[in-house]
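Take a look at the structure below.
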Amino acid sequence: MTLEDLHPQALRIAALLGERGEKVAVADGATGGLIAASLLTVPGALEFFVGGGVVYSFRARDVLFDQPREAYKGMRGASEEYALLQAISIRDNFGADWGLAESGSVGGSKHPTGAAAGRSCAALAGPDGEWAQITETQSDNRIANMWAFTAAALSFFEARLIAD
């Protein structure tokens, strides 16, 4: 898979956001920036994309989300509650209408919270609600999982935009 493969979907998401006059901020986790990069393939992305970051360490999490460490107490990565907290935080901290966050375990090494390789949770915090979706590939293939998690998160976002 390449960014070119995801570009048509990014164009559809951009059009849906444009029709609504809404913007998104993205917190990439195990996707390593591929969600944001996919959306940024759209010319004029500044019209719908506020910003975001790759949340791949506790330090990045603390800076981007500006949540006290206690906010994460009892949470595990690659879970609905963890990804939803990130989606809400990135939306609010960046002043966007939508927050899209992904937290997962891509494989190839042990996840710090013990999450199984091939598990990802995409979460959305929008103007009218919050949603989360789990993707499981059953694979330890790090690169393939990064692309699969990215495609799943974008599909989840597009479906939510259409449903609203």
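At least 2 residues being at pLDDT 85 or above and more than 26 Å from LEU3 (Cβ to Cβ) is the threshold, and among the strands (runs of 3 or more DSSP E) wholly inside the range 63-147 those reaching it are 129-136. Scanning the range 150-164 for residues that are modelled with pLDDT of 95 or more, in contact with a helix residue (DSSP H, G or I) (Cβ under 9 Å, 6 or more places away or on another chain) and of a type outside the set (Val, Ile, Thr) gives ALA151, ALA153, LEU154, SER155, PHE157, GLU158, LEU161.
If you take the residues in the range 48-62 that are assigned to a strand (DSSP E or B) and of a type in the set (A, V, I, L, M), which one is modelled with the highest pLDDT? Selected residue: VAL50. For ALA83, the conditions (1) in contact (Cβ under 8 Å) with a residue 40 or more places away in the chain; (2) surrounded by fewer than 17 Cβ atoms within 10 Å (Cβ to Cβ) all hold with the exception of (2).
The values are calculated or read from the model by the stated rules, or taken from the named source; none is laboratory data. Values in this document were obtained by computation on a predicted structure and should not be read as measured data. Using ideal geometry, Cβ is built from the backbone for each residue, glycine included, and neighbour counts are taken over all protein chains shown.
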